[in-house]
Every structure is written in structure tokens, then in C-alpha cells.
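Take a look at the structure set out below.
The values are calculated or read from the model by the stated rules, or taken from the named source; none is laboratory data. Worth saying up front: this structure is predicted, and the values here are computed from it rather than measured. With ideal geometry, Cβ positions are generated from the backbone for all residues, glycine too; neighbour counts draw on all protein chains shown. Quick note on the areas: whole protein, heavy atoms, side chains included, nothing else; ligands and nucleic acids left out. Shrake-Rupley method; radii C 1.70, N 1.55, O 1.52, S 1.80 Å.
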Amino acid sequence: MTTMNMEELVRLVEKAVKEDENENEERALEILTQLESTPIDSLDFTSPKFAACGKSINTLRKKAKSEEVKRKAKDCKDTWTKIIVAKSSSTNSKTPAEKTMDKTTTTTTTT
């Protein structure tokens, strides 16, 4: 499976929203399935574009015209949340001693 870049992600999310608005449930489900199964762990989760995609998926989860689209949007949101939590916990996995060491090395004073 190929990694998706941010522009492709934005385009697909916008397409899913548009298909739901046009009441094309089958196509919206296909796009959401693709979004859910595409690796996103190389993307910048702090990017405003990624945040906008997350908000759009969450809006679909709450307000889609079809219950199936709502359910698939929820699955996509849950999958993304797991990836984000796993990535953030792996980058914040320093022990308290390592964190203390970082603080002491960055707060040296000059005399």
C-alpha cells in the first residue's frame, strides 16, 4: 500500500463529503474505506490541513445522510485516532529520568 501525501488526503476527504451531500452512499463508503486503510502515519498530524480533514470526517460521522456512511466515518476516525495516539506515545516515551536530563542540559547557566 502506498503512503498518502497531505494533498491526496484532503482531496479524498473532500470527495467523501461531496458524495454524501450528493446522496451517493456507495461512492462515499468506498472513499471512506480507502481513507481508513491508507497509511497516514508519515503525515504531520499537527498540520491545519490534517485537522480540517479530521473535522470533516467527524462531521460525516455525526451528520451524514446515511447510517452506513456515519458508521464508516466513525471507523475511519477510530483508526486515525489509534495511529495518532500510537505515534504520539512513541515520540513521548522518554522515562522521567530522561526528561529530567533534557531539562538540566537545556537550562545551563553561564558565569
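Has region 9-19 got any residue that is farther than 30 Å from Thr91 by Cβ, outside any loop (DSSP other than H, G, I, E, B) and open to solvent by less than 70 Å² (accessible area, probe 1.4 Å)?
yes
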**OP:** Working carefully through the options Asn5, Asn22, find the one that is without any contact (Cβ under 8 Å) to a residue 24 or more places away in the chain and loosely packed, with under 15 Cβ neighbours inside 10 Å.
**Re:** Asn22
**OP:** Among residues belonging to region 30-41 that are buried (at least 16 other Cβ atoms within 10 Å of the Cβ) and touching a residue at least 40 places away in the same chain (Cβ under 8 Å), point out the one that is nearest to the chain's Cα centre (by Cα).
**Re:** Ile40
**OP:** Please list, ordered by first then second residue, the pairs with beta carbon atoms under 7 Å, 6 or more apart or interchain, first in region 42-62 and open to solvent by 20 Å² or more (accessible area, probe 1.4 Å), second of a type in the set (Val, Ile, Thr) and not in a helix (DSSP H, G or I).
**Re:** Ser42/Thr3
Original post:
How many residues does region 52-77 hold that are within 17 Å of Leu9 (Cβ to Cβ) and among the charged types (D, E, K, R)?
Top reply: 5
